[in-house]
Amino acid sequence: MVRYAPTTGEIEVSGSRETLVQLADLLAAAPGRLAADETADPGTYGQCLAEIVVRSSADTKAVIGVNTDTRTLVLDGSRAALKLLGDNVRALAVEGAPGDNLHVEYFPEHFYLDESSLATVFALIT
């Protein structure tokens, strides 16, 4: 499930171990797409997105963004940057306990994340 808060720009990507491993695989193999459940309860976020799209761009840091027209989470960046993001998501999926999460947010000198990225929480639910 991908929840998005339009007023704050915050994102939550939550799923089972299997779902998060699928996302990590997609990030490592970019480009690609992964369906999301836009009919799920958005809770306090406001809306759920329909799809995750991963795009590979040459020599750029990873950008986490939302296309509001298509209700899509867009992950874009170099293969190396996307792989690093995927490695972190995979570690959560494989080593985490249900309820654990990973906060991905830009800070100055972040080594793989672009400053235009939206703050994102990846959460392991089962």
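General remarks:
- Of all positions in segment 46-55, at least one carries a residue that is touching a Pro at 6+ places or on another chain (Cβ under 7 Å), buried (at least 16 other Cβ atoms within 10 Å of the Cβ) and hydrophobic (A, V, I, L, M, F, W, C).
- Output for segment 13-55, where each listed residue is among the charged types (D, E, K, R), closer than 22 Å to residue 99 by Cβ and not in a helix (DSSP H, G or I): 37, 41
- Among the residues examined, residue 58 does not qualify as assigned to a loop (DSSP other than H, G, I, E, B) and closer than 20 Å to residue 17 by Cβ.
- Count of segment 67-77 residues which are in a strand (DSSP E or B), surrounded by fewer than 20 Cβ atoms within 10 Å (Cβ to Cβ) and in contact (Cβ under 8 Å) with a residue 24 or more places away in the chain: 0
- Within segment 52-66, being in contact (Cβ under 8 Å) with a residue 40 or more places away in the chain and of a type outside the set (A, V, I, L, M) holds for 60, 61, 65.
- Test: residue in segment 83-95 that is in contact (Cβ under 8 Å) with a residue 12 or more places away in the chain, out of contact with any Cys (no Cβ under 8 Å at 6 or more places or on another chain) and over 20 Å from residue 20 (Cβ atoms): no
- Positions within segment 1-12 being part of a strand (DSSP E or B) and surrounded by 19 or more Cβ atoms within 10 Å (Cβ to Cβ), in sequence order: 2, 3, 4, 11, 12
- Here residue 95 passes the criteria (1) crowded, with 19+ Cβ neighbours inside 10 Å; (2) more than 14 Å from the chain's Cα centre (by Cα); (3) among the charged types (D, E, K, R) except the one numbered (1).
- Residue in segment 21-37 that is touching a residue at least 60 places away in the same chain (Cβ under 8 Å) and out of contact with any Gly (no Cβ under 8 Å at 6 or more places or on another chain) present: yes
- Filtered by the rule that a residue be free of Cβ contacts under 8 Å to residues at least 60 places away in the same chain, part of a strand (DSSP E or B) and of a type outside the set (A, V, I, L, M, F, W, C), segment 102-126 gives a lone residue, 103.
Every number in this text was worked out from the coordinates using simple rules, so none of it is lab data. Predicted, not measured: the structure shown is a model, and the values here were computed from it. Neighbour counts are summed over all protein chains in view; Cβ atoms, including those assigned to glycine, are modelled from backbone coordinates with ideal geometry.
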